[in-house]
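Trainee: I'd like to ask some things about the structure below.
The values are calculated or read from the model by the stated rules, or taken from the named source; none is laboratory data. Since the model is a prediction, treat every value here as computed from it, not as a measurement. Note that we place each Cβ from the backbone using ideal geometry, even for glycine, and neighbour counts take in every protein chain shown. Side chains are part of the model used for accessible areas, which takes the heavy atoms of the whole protein and leaves out ligands, DNA and RNA. Shrake-Rupley method; radii C 1.70, N 1.55, O 1.52, S 1.80 Å.
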Amino acid sequence: MTEKDSEASETQPKETDSMLELGTDSESLLSGGFEGRSHSFSKRSSTEEAIGHGHHESFQTTASNSTTEERTLSRSQLVQLFLFSFGNGILLSSYFIVTLPIESKRISKEKSAAILGGFIFVAGVTQLVNPVVGLLSDRCLHRWGRRRPFIFYGALAGLVGLFFQLVGRYAEWWMLYLLAFIVSMLALNVIYSCMNGLIADLVPEKQIGQANGMIAMLNVCGAVSSFAVFRILGDLNLFYMFYILCIAFTAAGTFNMAGQLENSFHKEDSQFYRKGLSTVWQDLKSAFYLSPTEHRDFFFILVSRTLYYMGVSSQCFLMYYIRDTLHISEEESENVTSLLAVVGQFFGILTAFPVGYISDRLSNGRKGYVYISCAIMATGNLAFIFVETQMTIIAITCTIGAANGAYLTMDGALAFDALPNKEEAARFMGIWGIGAFVGTALGPLIGGPLLMTQYNEDGTGYSTFGYGMLLTLSALYLSGSALTLTGTTVS
(Lines give C-alpha, C1' and ligand atoms only; values in the text may rest on other atoms or scores of the structure.)
Protein backbone atom coordinates (compact mmCIF):
# COMPACT_ATOMS: atom_id res chain seq x y z
CA MET A 1 0.00 0.00 0.00
CA THR A 2 1.39 3.39 -0.95
CA GLU A 3 1.58 6.31 1.44
CA LYS A 4 -1.15 8.08 -0.54
CA ASP A 5 -3.42 5.05 -0.35
CA SER A 6 -2.73 4.70 3.35
CA GLU A 7 -3.78 8.30 3.96
CA ALA A 8 -6.94 7.85 1.91
CA SER A 9 -7.88 4.75 3.88
CA GLU A 10 -7.67 6.79 7.08
CA THR A 11 -10.18 9.39 5.86
CA GLN A 12 -12.72 7.29 3.97
CA PRO A 13 -15.64 5.62 5.83
CA LYS A 14 -15.52 1.85 5.97
CA GLU A 15 -18.09 0.40 3.60
CA THR A 16 -17.93 -3.35 4.10
CA ASP A 17 -17.14 -5.91 6.75
CA SER A 18 -14.04 -7.01 4.84
CA MET A 19 -12.55 -3.57 5.30
CA LEU A 20 -12.91 -3.95 9.07
CA GLU A 21 -10.94 -7.16 9.23
CA LEU A 22 -7.72 -7.26 11.18
CA GLY A 23 -4.48 -8.15 9.45
CA THR A 24 -2.69 -11.45 9.91
CA ASP A 25 -1.87 -10.66 13.54
CA SER A 26 -4.26 -11.82 16.26
CA GLU A 27 -4.51 -8.41 17.95
CA SER A 28 -4.79 -4.84 16.69
CA LEU A 29 -2.99 -1.79 18.01
CA LEU A 30 -5.25 1.06 18.99
CA SER A 31 -3.86 4.43 19.75
CA GLY A 32 -6.18 6.91 21.37
CA GLY A 33 -6.78 10.46 22.33
CA PHE A 34 -9.32 13.23 22.29
CA GLU A 35 -10.05 15.98 19.80
CA GLY A 36 -12.14 18.53 21.63
CA ARG A 37 -15.23 16.80 22.94
CA SER A 38 -15.48 14.30 20.10
CA HIS A 39 -13.58 11.10 19.48
CA SER A 40 -13.52 8.03 17.29
CA PHE A 41 -11.96 4.60 17.28
CA SER A 42 -10.99 2.25 14.43
CA LYS A 43 -9.77 -1.31 14.23
CA ARG A 44 -6.35 -1.43 12.63
CA SER A 45 -3.85 -4.01 11.62
CA SER A 46 -0.93 -4.15 14.04
CA THR A 47 1.38 -3.28 11.12
CA GLU A 48 -0.34 0.11 10.51
CA GLU A 49 1.07 3.30 11.91
CA ALA A 50 -1.06 5.76 13.86
CA ILE A 51 -0.90 9.27 12.45
CA GLY A 52 -0.48 12.02 15.04
CA HIS A 53 -2.32 15.35 14.99
CA GLY A 54 -0.31 17.89 17.00
CA HIS A 55 -0.20 16.77 20.62
CA HIS A 56 -3.42 14.77 20.19
CA GLU A 57 -3.75 11.29 18.73
CA SER A 58 -6.76 10.17 16.75
CA PHE A 59 -8.51 6.89 16.52
CA GLN A 60 -11.45 5.65 14.57
CA THR A 61 -14.37 4.22 16.39
CA THR A 62 -15.54 0.76 17.32
CA ALA A 63 -18.27 -1.17 15.52
CA SER A 64 -18.71 0.80 12.36
CA ASN A 65 -22.04 2.39 11.54
CA SER A 66 -22.15 0.62 8.19
CA THR A 67 -21.94 -2.86 9.68
CA THR A 68 -24.44 -1.91 12.38
CA GLU A 69 -26.91 -0.73 9.78
CA GLU A 70 -26.51 -3.90 7.71
CA ARG A 71 -27.52 -6.02 10.69
CA THR A 72 -31.06 -6.45 12.00
CA LEU A 73 -31.34 -7.69 15.57
CA SER A 74 -33.97 -10.30 16.33
CA ARG A 75 -36.45 -9.74 19.13
CA SER A 76 -34.72 -12.48 21.11
CA GLN A 77 -31.42 -10.60 20.81
CA LEU A 78 -33.08 -7.33 21.84
CA VAL A 79 -34.58 -9.02 24.91
CA GLN A 80 -31.23 -10.47 25.97
CA LEU A 81 -29.27 -7.30 25.21
CA PHE A 82 -31.56 -5.16 27.36
CA LEU A 83 -32.45 -7.80 29.95
CA PHE A 84 -31.08 -5.61 32.74
CA SER A 85 -34.02 -3.26 32.14
CA PHE A 86 -36.18 -6.05 33.58
CA GLY A 87 -34.08 -6.14 36.76
CA ASN A 88 -33.99 -2.36 36.93
CA GLY A 89 -37.80 -2.31 36.71
CA ILE A 90 -38.03 -4.84 39.52
CA LEU A 91 -35.99 -2.71 41.88
CA LEU A 92 -36.95 0.85 41.09
CA SER A 93 -40.71 0.34 40.84
CA SER A 94 -41.17 -1.58 44.09
CA TYR A 95 -38.41 0.38 45.84
CA PHE A 96 -40.32 3.64 45.67
CA ILE A 97 -43.89 2.36 45.90
CA VAL A 98 -43.58 -0.49 48.44
CA THR A 99 -40.13 -1.05 49.95
CA LEU A 100 -39.05 2.49 50.88
CA PRO A 101 -42.51 3.56 52.14
CA ILE A 102 -42.50 0.56 54.49
CA GLU A 103 -38.95 1.28 55.67
CA SER A 104 -39.82 4.97 56.16
CA LYS A 105 -42.75 4.05 58.40
CA ARG A 106 -40.48 1.76 60.43
CA ILE A 107 -38.10 4.66 61.03
CA SER A 108 -40.86 7.13 61.99
CA LYS A 109 -44.56 6.88 61.20
CA GLU A 110 -45.25 10.59 61.81
CA LYS A 111 -42.38 11.74 59.58
CA SER A 112 -42.63 8.94 57.02
CA ALA A 113 -43.52 11.26 54.10
CA ALA A 114 -40.49 13.48 54.71
CA ILE A 115 -38.19 10.46 55.23
CA LEU A 116 -39.46 8.89 52.01
CA GLY A 117 -38.85 12.15 50.19
CA GLY A 118 -35.31 12.12 51.57
CA PHE A 119 -34.66 8.59 50.32
CA ILE A 120 -35.90 9.53 46.86
CA PHE A 121 -33.77 12.69 46.86
CA VAL A 122 -30.68 10.59 47.67
CA ALA A 123 -31.59 8.14 44.89
CA GLY A 124 -31.89 11.08 42.52
CA VAL A 125 -28.49 12.51 43.47
CA THR A 126 -26.81 9.20 42.61
CA GLN A 127 -27.91 9.70 39.00
CA LEU A 128 -25.30 12.44 38.69
CA VAL A 129 -22.81 9.62 38.13
CA ASN A 130 -24.41 8.81 34.75
CA PRO A 131 -22.63 11.39 32.53
CA VAL A 132 -19.25 10.56 34.09
CA VAL A 133 -19.76 6.83 33.59
CA GLY A 134 -21.04 7.55 30.09
CA LEU A 135 -17.93 9.53 29.17
CA LEU A 136 -15.58 6.91 30.65
CA SER A 137 -17.34 4.04 28.89
CA ASP A 138 -17.50 5.96 25.58
CA ARG A 139 -13.71 6.24 25.70
CA CYS A 140 -12.84 2.95 27.39
CA LEU A 141 -10.48 0.61 25.50
CA HIS A 142 -10.80 -2.44 27.74
CA ARG A 143 -10.46 -5.84 26.07
CA TRP A 144 -14.11 -6.53 27.06
CA GLY A 145 -15.25 -3.54 25.06
CA ARG A 146 -16.56 -0.14 26.12
CA ARG A 147 -19.59 -1.03 28.25
CA ARG A 148 -19.13 -4.50 29.69
CA PRO A 149 -16.45 -3.71 32.32
CA PHE A 150 -18.78 -1.14 33.90
CA ILE A 151 -21.74 -3.55 33.74
CA PHE A 152 -19.73 -6.31 35.43
CA TYR A 153 -18.27 -4.26 38.28
CA GLY A 154 -21.48 -2.28 38.69
CA ALA A 155 -23.37 -5.54 39.21
CA LEU A 156 -20.88 -6.67 41.86
CA ALA A 157 -21.25 -3.37 43.72
CA GLY A 158 -25.05 -3.60 43.49
CA LEU A 159 -25.09 -7.08 45.00
CA VAL A 160 -22.92 -5.90 47.90
CA GLY A 161 -25.14 -2.86 48.47
CA LEU A 162 -28.36 -4.91 48.51
CA PHE A 163 -26.86 -7.43 50.92
CA PHE A 164 -25.94 -4.72 53.43
CA GLN A 165 -29.35 -3.11 53.01
CA LEU A 166 -30.80 -6.41 54.16
CA VAL A 167 -28.40 -6.49 57.12
CA GLY A 168 -29.17 -2.88 58.01
CA ARG A 169 -32.97 -3.30 57.98
CA TYR A 170 -32.82 -6.58 59.91
CA ALA A 171 -30.68 -5.03 62.69
CA GLU A 172 -32.37 -1.61 62.33
CA TRP A 173 -28.99 0.03 61.70
CA TRP A 174 -30.47 2.77 59.55
CA MET A 175 -27.21 4.56 58.85
CA LEU A 176 -25.77 1.34 57.42
CA TYR A 177 -28.98 0.90 55.45
CA LEU A 178 -28.67 4.41 54.00
CA LEU A 179 -25.03 3.93 52.99
CA ALA A 180 -25.81 0.55 51.39
CA PHE A 181 -28.80 2.11 49.62
CA ILE A 182 -26.49 4.76 48.11
CA VAL A 183 -24.11 2.03 46.86
CA SER A 184 -27.04 0.10 45.35
CA MET A 185 -28.39 3.17 43.57
CA LEU A 186 -24.97 4.13 42.21
CA ALA A 187 -24.51 0.60 40.89
CA LEU A 188 -27.91 0.56 39.17
CA ASN A 189 -27.13 3.88 37.49
CA VAL A 190 -23.73 2.68 36.28
CA ILE A 191 -25.22 -0.44 34.68
CA TYR A 192 -28.23 1.34 33.20
CA SER A 193 -26.09 4.14 31.74
CA CYS A 194 -23.85 1.63 29.96
CA MET A 195 -26.85 -0.39 28.77
CA ASN A 196 -28.16 2.78 27.09
CA GLY A 197 -24.78 3.14 25.41
CA LEU A 198 -25.26 -0.29 23.85
CA ILE A 199 -28.15 1.12 21.80
CA ALA A 200 -25.83 3.47 19.93
CA ASP A 201 -23.12 0.79 19.71
CA LEU A 202 -25.13 -2.18 18.50
CA VAL A 203 -28.66 -1.29 17.41
CA PRO A 204 -29.35 -0.26 13.77
CA GLU A 205 -30.94 3.16 13.44
CA LYS A 206 -34.03 1.60 11.86
CA GLN A 207 -34.63 -0.31 15.12
CA ILE A 208 -34.15 2.54 17.61
CA GLY A 209 -37.88 2.75 18.35
CA GLN A 210 -38.11 -1.02 18.80
CA ALA A 211 -35.07 -1.03 21.08
CA ASN A 212 -36.51 1.68 23.32
CA GLY A 213 -39.86 -0.08 23.23
CA MET A 214 -38.18 -3.29 24.35
CA ILE A 215 -36.41 -1.47 27.19
CA ALA A 216 -39.70 0.09 28.33
CA MET A 217 -41.58 -3.20 28.03
CA LEU A 218 -38.95 -5.12 30.00
CA ASN A 219 -38.98 -2.37 32.60
CA VAL A 220 -42.71 -2.60 33.17
CA CYS A 221 -42.59 -6.41 33.00
CA GLY A 222 -40.04 -6.25 35.80
CA ALA A 223 -42.32 -3.96 37.78
CA VAL A 224 -45.28 -6.32 37.36
CA SER A 225 -43.16 -9.28 38.43
CA SER A 226 -41.84 -7.36 41.41
CA PHE A 227 -45.26 -6.49 42.83
CA ALA A 228 -46.60 -9.97 42.10
CA VAL A 229 -43.67 -11.57 43.95
CA PHE A 230 -44.13 -9.16 46.87
CA ARG A 231 -47.75 -10.23 47.20
CA ILE A 232 -46.69 -13.89 47.15
CA LEU A 233 -43.74 -13.59 49.56
CA GLY A 234 -45.26 -11.08 51.96
CA ASP A 235 -41.88 -10.80 53.71
CA LEU A 236 -39.57 -7.88 52.98
CA ASN A 237 -36.45 -9.82 54.04
CA LEU A 238 -37.19 -12.46 51.39
CA PHE A 239 -37.96 -9.67 48.96
CA TYR A 240 -34.42 -8.30 49.31
CA MET A 241 -33.09 -11.77 48.46
CA PHE A 242 -35.29 -11.67 45.38
CA TYR A 243 -33.73 -8.31 44.47
CA ILE A 244 -30.23 -9.80 44.72
CA LEU A 245 -31.05 -12.77 42.48
CA CYS A 246 -32.70 -10.58 39.86
CA ILE A 247 -29.80 -8.14 39.57
CA ALA A 248 -27.29 -11.00 39.25
CA PHE A 249 -29.34 -12.77 36.55
CA THR A 250 -30.34 -9.75 34.44
CA ALA A 251 -26.95 -8.01 34.51
CA ALA A 252 -25.33 -11.30 33.45
CA GLY A 253 -27.77 -11.57 30.52
CA THR A 254 -26.97 -8.09 29.21
CA PHE A 255 -23.23 -8.64 29.75
CA ASN A 256 -23.21 -11.90 27.78
CA MET A 257 -25.30 -10.73 24.82
CA ALA A 258 -23.26 -7.53 24.51
CA GLY A 259 -20.14 -9.69 24.34
CA GLN A 260 -21.63 -11.76 21.54
CA LEU A 261 -22.65 -8.76 19.45
CA GLU A 262 -19.88 -6.24 19.83
CA ASN A 263 -16.40 -6.21 18.36
CA SER A 264 -14.27 -6.14 21.50
CA PHE A 265 -11.27 -3.83 21.67
CA HIS A 266 -7.81 -5.35 22.12
CA LYS A 267 -5.11 -3.04 23.35
CA GLU A 268 -1.72 -2.79 24.87
CA ASP A 269 -2.75 0.19 26.96
CA SER A 270 -5.43 2.85 27.00
CA GLN A 271 -4.34 6.28 25.80
CA PHE A 272 -7.07 7.78 27.97
CA TYR A 273 -5.52 6.52 31.17
CA ARG A 274 -2.01 7.40 29.99
CA LYS A 275 -2.96 11.05 29.77
CA GLY A 276 -2.08 13.52 32.47
CA LEU A 277 -4.36 13.78 35.48
CA SER A 278 -5.21 17.42 34.77
CA THR A 279 -6.29 16.56 31.21
CA VAL A 280 -8.47 13.71 32.45
CA TRP A 281 -10.08 16.08 34.96
CA GLN A 282 -10.90 18.54 32.18
CA ASP A 283 -12.51 15.74 30.20
CA LEU A 284 -14.56 14.64 33.21
CA LYS A 285 -15.82 18.17 33.73
CA SER A 286 -16.97 18.18 30.12
CA ALA A 287 -19.09 15.12 30.89
CA PHE A 288 -21.82 17.48 32.15
CA TYR A 289 -21.55 19.93 29.26
CA LEU A 290 -24.86 20.60 27.49
CA SER A 291 -25.58 23.89 25.74
CA PRO A 292 -29.19 25.17 25.53
CA THR A 293 -28.28 26.75 22.16
CA GLU A 294 -25.78 24.34 20.61
CA HIS A 295 -27.75 21.26 21.75
CA ARG A 296 -31.16 22.94 21.74
CA ASP A 297 -33.38 19.94 20.92
CA PHE A 298 -31.64 17.63 23.36
CA PHE A 299 -31.81 20.30 26.07
CA PHE A 300 -35.58 20.71 25.65
CA ILE A 301 -36.06 16.94 25.73
CA LEU A 302 -34.07 16.90 29.00
CA VAL A 303 -36.34 19.58 30.51
CA SER A 304 -39.43 17.68 29.34
CA ARG A 305 -38.12 14.48 30.95
CA THR A 306 -37.46 16.34 34.20
CA LEU A 307 -41.04 17.60 34.36
CA TYR A 308 -42.37 14.12 33.59
CA TYR A 309 -40.48 12.63 36.54
CA MET A 310 -41.69 15.41 38.79
CA GLY A 311 -45.21 14.47 37.73
CA VAL A 312 -44.98 10.72 38.27
CA SER A 313 -43.04 11.08 41.54
CA SER A 314 -46.38 11.40 43.35
CA GLN A 315 -46.62 7.60 42.94
CA CYS A 316 -44.26 7.15 45.86
CA PHE A 317 -47.07 8.40 48.13
CA LEU A 318 -49.57 5.94 46.61
CA MET A 319 -49.58 3.61 49.61
CA TYR A 320 -50.42 6.48 51.95
CA TYR A 321 -53.08 7.74 49.50
CA ILE A 322 -54.75 4.31 49.38
CA ARG A 323 -54.72 4.00 53.17
CA ASP A 324 -56.21 7.43 53.78
CA THR A 325 -58.67 7.51 50.86
CA LEU A 326 -60.14 4.03 51.35
CA HIS A 327 -59.72 4.18 55.17
CA ILE A 328 -58.10 0.78 55.43
CA SER A 329 -55.32 -0.70 57.57
CA GLU A 330 -51.60 -0.49 56.86
CA GLU A 331 -51.45 -4.14 55.79
CA GLU A 332 -54.46 -3.80 53.49
CA SER A 333 -53.01 -0.66 51.91
CA GLU A 334 -49.79 -2.55 51.12
CA ASN A 335 -51.78 -5.29 49.36
CA VAL A 336 -53.96 -2.84 47.41
CA THR A 337 -50.90 -0.83 46.38
CA SER A 338 -49.24 -3.99 45.04
CA LEU A 339 -52.40 -4.86 43.12
CA LEU A 340 -52.61 -1.38 41.59
CA ALA A 341 -48.96 -1.50 40.61
CA VAL A 342 -49.41 -4.88 38.90
CA VAL A 343 -52.46 -3.89 36.85
CA GLY A 344 -51.04 -0.46 35.99
CA GLN A 345 -47.73 -1.89 34.81
CA PHE A 346 -49.50 -4.69 32.93
CA PHE A 347 -51.32 -2.12 30.81
CA GLY A 348 -47.97 -0.42 30.28
CA ILE A 349 -46.66 -3.68 28.81
CA LEU A 350 -49.52 -3.66 26.30
CA THR A 351 -48.42 -0.31 24.85
CA ALA A 352 -44.62 -0.06 25.34
CA PHE A 353 -43.25 -2.23 22.54
CA PRO A 354 -46.16 -1.84 20.05
CA VAL A 355 -45.91 1.96 20.16
CA GLY A 356 -42.17 1.83 19.39
CA TYR A 357 -42.75 -0.67 16.57
CA ILE A 358 -45.58 1.40 15.06
CA SER A 359 -43.53 4.58 15.27
CA ASP A 360 -40.62 2.93 13.42
CA ARG A 361 -42.87 1.43 10.73
CA LEU A 362 -45.01 4.50 10.09
CA SER A 363 -42.14 6.99 10.55
CA ASN A 364 -44.72 9.43 11.92
CA GLY A 365 -42.53 10.89 14.65
CA ARG A 366 -42.47 10.54 18.43
CA LYS A 367 -43.90 13.74 19.87
CA GLY A 368 -47.54 13.03 19.06
CA TYR A 369 -47.44 9.91 21.22
CA VAL A 370 -45.88 11.91 24.06
CA TYR A 371 -48.54 14.63 23.87
CA ILE A 372 -51.36 12.09 24.12
CA SER A 373 -49.64 10.14 26.91
CA CYS A 374 -49.01 13.24 29.04
CA ALA A 375 -52.60 14.46 28.57
CA ILE A 376 -53.99 11.10 29.73
CA MET A 377 -51.66 10.92 32.75
CA ALA A 378 -52.42 14.50 33.79
CA THR A 379 -56.17 13.90 33.56
CA GLY A 380 -55.82 10.67 35.53
CA ASN A 381 -53.99 12.42 38.37
CA LEU A 382 -56.76 15.01 38.63
CA ALA A 383 -59.38 12.23 38.60
CA PHE A 384 -57.71 10.61 41.63
CA ILE A 385 -58.73 13.62 43.72
CA PHE A 386 -62.42 12.84 43.41
CA VAL A 387 -62.59 9.03 43.69
CA GLU A 388 -63.66 7.08 46.75
CA THR A 389 -63.89 3.43 45.64
CA GLN A 390 -61.21 0.87 44.94
CA MET A 391 -62.64 -0.13 41.55
CA THR A 392 -62.53 3.47 40.30
CA ILE A 393 -58.92 3.78 41.44
CA ILE A 394 -58.05 0.56 39.58
CA ALA A 395 -59.70 1.81 36.38
CA ILE A 396 -57.78 5.11 36.48
CA THR A 397 -54.54 3.27 37.26
CA CYS A 398 -54.96 1.03 34.19
CA THR A 399 -55.48 4.06 31.95
CA ILE A 400 -52.44 5.88 33.36
CA GLY A 401 -50.37 2.68 33.08
CA ALA A 402 -51.10 2.33 29.36
CA ALA A 403 -50.20 5.98 28.74
CA ASN A 404 -47.03 5.63 30.80
CA GLY A 405 -45.85 2.63 28.76
CA ALA A 406 -46.19 4.63 25.55
CA TYR A 407 -44.42 7.64 27.08
CA LEU A 408 -41.40 5.64 28.28
CA THR A 409 -40.85 4.25 24.80
CA MET A 410 -41.12 7.57 23.00
CA ASP A 411 -39.09 9.44 25.61
CA GLY A 412 -36.04 7.27 24.99
CA ALA A 413 -36.55 7.24 21.22
CA LEU A 414 -36.78 11.06 21.13
CA ALA A 415 -33.52 11.37 23.06
CA PHE A 416 -31.70 9.09 20.61
CA ASP A 417 -33.17 10.92 17.62
CA ALA A 418 -31.81 14.21 19.00
CA LEU A 419 -28.36 12.97 20.13
CA PRO A 420 -25.85 15.78 19.42
CA ASN A 421 -23.04 13.24 18.90
CA LYS A 422 -23.73 9.52 18.55
CA GLU A 423 -20.06 8.72 19.23
CA GLU A 424 -20.60 9.98 22.79
CA ALA A 425 -24.04 8.45 23.17
CA ALA A 426 -23.54 7.14 26.71
CA ARG A 427 -22.32 10.55 27.94
CA PHE A 428 -25.28 12.41 26.47
CA MET A 429 -27.72 9.74 27.63
CA GLY A 430 -26.15 10.10 31.07
CA ILE A 431 -26.98 13.82 30.98
CA TRP A 432 -30.47 12.86 29.81
CA GLY A 433 -30.67 10.61 32.88
CA ILE A 434 -30.08 13.64 35.10
CA GLY A 435 -33.60 14.70 34.15
CA ALA A 436 -34.82 11.69 36.11
CA PHE A 437 -32.61 12.75 39.04
CA VAL A 438 -33.88 16.32 39.14
CA GLY A 439 -37.49 15.21 38.64
CA THR A 440 -37.48 12.39 41.15
CA ALA A 441 -35.67 14.59 43.66
CA LEU A 442 -37.69 17.79 43.27
CA GLY A 443 -41.12 16.13 43.07
CA PRO A 444 -41.03 14.45 46.51
CA LEU A 445 -38.89 17.25 47.94
CA ILE A 446 -41.75 19.65 47.20
CA GLY A 447 -44.64 17.22 47.63
CA GLY A 448 -43.45 15.39 50.78
CA PRO A 449 -43.24 18.42 53.11
CA LEU A 450 -46.38 19.86 51.49
CA LEU A 451 -48.31 16.68 52.27
CA MET A 452 -46.83 16.52 55.78
CA THR A 453 -48.40 19.90 56.61
CA GLN A 454 -51.80 18.27 56.06
CA TYR A 455 -51.34 15.43 58.57
CA ASN A 456 -54.54 14.96 60.57
CA GLU A 457 -54.25 15.86 64.23
CA ASP A 458 -56.06 12.68 65.26
CA GLY A 459 -53.25 10.60 63.70
CA THR A 460 -55.46 9.04 61.01
CA GLY A 461 -53.20 10.04 58.11
CA TYR A 462 -53.07 12.89 55.59
CA SER A 463 -56.05 14.98 54.54
CA THR A 464 -57.91 14.89 51.22
CA PHE A 465 -56.89 18.52 50.65
CA GLY A 466 -53.23 17.55 50.99
CA TYR A 467 -53.57 14.82 48.37
CA GLY A 468 -55.48 17.25 46.15
CA MET A 469 -52.54 19.69 46.17
CA LEU A 470 -50.07 16.89 45.46
CA LEU A 471 -52.04 15.45 42.53
CA THR A 472 -52.76 18.87 41.01
CA LEU A 473 -49.04 19.62 41.01
CA SER A 474 -48.43 16.29 39.27
CA ALA A 475 -50.96 17.15 36.55
CA LEU A 476 -49.28 20.54 35.99
CA TYR A 477 -45.82 18.96 35.74
CA LEU A 478 -47.02 16.42 33.16
CA SER A 479 -48.73 19.12 31.11
CA GLY A 480 -45.50 21.13 31.18
CA SER A 481 -43.58 18.06 29.99
CA ALA A 482 -45.69 17.89 26.83
CA LEU A 483 -45.66 21.65 26.20
CA THR A 484 -41.86 21.82 26.47
CA LEU A 485 -41.47 19.50 23.49
CA THR A 486 -43.23 22.00 21.24
CA GLY A 487 -39.97 23.96 21.30
CA THR A 488 -38.03 21.17 19.57
CA THR A 489 -37.46 20.66 15.84
CA VAL A 490 -37.36 16.84 16.01
CA SER A 491 -40.63 15.11 15.27
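Trainee: Highest mean first, what order results for 465-474, 144-153 on Cβ atoms within 10 Å?
Mentor: Result, highest mean first: 144-153, 465-474.
Trainee: If you don't mind, there's one more thing I want to ask. Hey, how many Å between the Cα centroid of region 311-350 and the Cα centroid of region 426-459?
Mentor: Using only Cα atoms, the two centres lie 18 Å from each other.
Trainee: Around Asp360, what is the net charge, scoring Lys/Arg as +1 and Asp/Glu as -1 over all other residues with Cβ under 12 Å from its Cβ?
Mentor: +1
Trainee: Per Stokes-Einstein, at 4 °C and 1.567 mPa s, what whole-number D in µm² s⁻¹ belongs to region 154-198, with the Kirkwood radius over Cα pairs as the hydrodynamic radius?
Mentor: Numbers: Rh = 10.5 Å.
In µm²/s, the coefficient rounds to 123.
Trainee: Arrange the residues Phe227, Phe299 by how much accessible surface each exposes, largest first, with a 1.4 angstrom probe.
Mentor: Values: Phe227 0, Phe299 65 Å².
Per-residue accessible area, sorted high to low, gives Phe299, Phe227.
Trainee: Find the eigenvalues of the gyration tensor of the Cα atoms of region 331-478, then list the square roots of 5 times those eigenvalues as equivalent ellipsoid semi-axes, largest first, in whole angstrom.
Mentor: 32, 20, 13
Trainee: Keeping every protein chain in place, order Trp432, Trp173 by accessible area at 1.4 Å, biggest value first, i.e. largest first.
Mentor: Numbers: Trp432 20, Trp173 145 Å².
Heavy-atom accessible area, descending, gives Trp173, Trp432.
Trainee: Follow-up. Projected onto the charge dipole of region 277-424 (+1 at Lys/Arg Cβ, -1 at Asp/Glu Cβ, origin at the Cα centre), which of Ala375, Gly365, Pro354 gives the Cα projection farthest towards the positive end?
Mentor: Gly365
Trainee: Sorted by average packing, counted as other Cβ atoms within 10 angstrom per residue and highest first, what order do 292-298, 196-202, 251-257, 380-386 take? Show your work: numbers first, answer last.
Mentor: Numbers: 292-298: 14.7, 196-202: 25.4, 251-257: 20.3, 380-386: 18.0.
Highest-to-lowest ranking by the protection proxy: 196-202, 251-257, 380-386, 292-298.
Trainee: Please report the accessible area of Glu388 (heavy atoms, 1.4 Å probe, ligands and nucleic acids excluded) in Å², nearest 10.
Mentor: Number for this one is 150 Å².
Trainee: Oh, and also: Extending each Cα 7 Å along its Cβ direction at Ser76 and Arg143, get the distance between those two points in nm, one decimal.
Mentor: For the pair Ser76/Arg143, the computed spacing is 3.0 nm.
Trainee: Using the alpha-carbon centroid of each, what span in Å lies between region 71-137 and region 184-231?
Mentor: Using only Cα atoms to place each centre, the spacing works out to 11 Å.
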